[in-house]
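Below: one structure, written as structure tokens.
Every read-out reported here was derived from the displayed coordinates using simple, explicitly stated rules and does not represent laboratory data. The model shown is predicted, which means the values in this text are computed figures rather than measured ones. Neighbour counts run over all protein chains shown; Cβ positions are idealised from the backbone, glycine included.
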Amino acid sequence: MEAHHKEVALVTGANKGIGLEIARQLGHAGIAIIVGARDGTRGEAAAATLRGEGVDARFIQLDVTDQASIEQAAAAIGATHGRLDILVNNAGIGDPADGPPAGASVDAARRLFATNFFGALSVTQAMLPLLRQAPAGRIVNMSSSLGSMTVNGDATSPYHGVHLIGYNASKAALNMLTVQLAETLRGTNIAVNAACPGYVATDLNGHGGPLTPAEGAATPVRLALLRGGQPNGKFLSAEGQVPW
């Protein structure tokens, strides 16, 4: 096992977009970064880019929809580091066949849940033993205002008319994971929170958002760097608390 005095963070889906920026900002804060990505070429390239910027970064193959891949990644992290201080469940997808509930593709909704919810749940379960070995473990789930039941039901919200049943419901499920995990881990060394990055220009929305990935990474990075156990079980954005 490698003697590693730095804190260690795994960021899933870290080969591009917000995930890469989260990895970059955590790395520049002195965290050893594990770039989780299913595509080996892109993952290796992202880790190399970060190393070129002075970040302690390495790639690990991780497909959040493949249980064997998840278990292999957990075993490799355990063998190398013996613990995991930070888990950022960032990997997420959209689907062009998603839409309003009356006409959205059910298969698209299943694909969205497979990555956005079940992927995060599976990775979290596999990494929990390693997080328990850290002095102050942190889990950050990358959610969205579109996953807020309150926002979806608020006719005055700018997101009220975004009817993507698969995506929105998968993020609402991720929020439930955050709440329940925070409660079941309360009193342990692990804090769990959901982060809303805002409307960020990424591949997911055709680069249509007004925020840059670097701006979108600010809230999850802030939550990942907290070491005092608070906040815990919250849904937060740059503006403050987001209603569930």
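Please determine, in degrees from 0 to 90 and to the nearest 10, the orientation of helix 40-52 with respect to the longest principal axis defined by the Cα atoms of the chain, where the helix direction is its Cα long axis.
Once rounded, the angle reads 60 degrees.
Angle between the Cα long axis of helix 17-28 and the longest principal axis of the chain, 0 to 90 degrees, nearest 10?
30
How many nm is it between the label spots at Q241 and E71, if each spot is 7 Å from the Cα in line with the beta carbon?
4.0
With r as the distance between the Cβ atoms of M176 and E53 and R0 = 30 Å, compute the FRET efficiency 1/(1 + (r/R0)^6) and round to 0.05.
Calculated transfer efficiency: 0.25.
How high is the relative contact order of the chain, given as a whole-number percent (alpha carbon pairs under 8 Å, six or more residues apart)?
This gives 19 percent for the chain.
Gain in length, T184 to A114, computed as 0.36 nm per residue apart minus the alpha-carbon separation, to one decimal in nm?
Result: 22.9 nm gained on full extension.
In degrees, nearest 10, range 0 to 90: what is the angle between the Cα axis of helix 165-184 and the longest Cα principal axis of the chain?
Roughly 50 degrees, rounded to the nearest 10.
For the stretch 73-200, build the charge dipole from Cβ charges (+1 Lys, Arg; -1 Asp, Glu) around the Cα centre, then report which of T150, A97, A136 sits farthest towards its positive end.
Ranked along the dipole, the leading option is A136.
Grab the DSSP H runs of the chain that are 4 residues or longer, score each as -39,500 (n - 2.57), total them, divide by all residues and round the 222 nm result to the nearest 500 deg cm²/dmol.
The helix-only estimate for the chain comes to -12500 deg cm²/dmol at 222 nm.
Any lysines with Cα under 25 Å of the K234 Cα? List them, leaving off those in the same chain fewer than 8 positions away.
K234 reaches K171.
Provide the gained length on full extension for the span Q133 to Q61, in nm with one decimal, where the gain is 0.36 nm per separating residue minus the Cα-Cα distance.
Value of the extension gain: 23.7 nm.
How high is the FRET efficiency from A214 to A102, r the C-beta distance, R0 35 Å, rounded to 0.05?
So, using R0 = 35 Å, E works out to roughly 0.40.
Count the DSSP beta bridges whose two residues both fall in the chain, then state the antiparallel fraction as a percent rounded to the nearest 5.
5
Please report the orientation-averaged projected area of the chain, defined via the convex hull of its C-alpha atoms, in nm².
12.4
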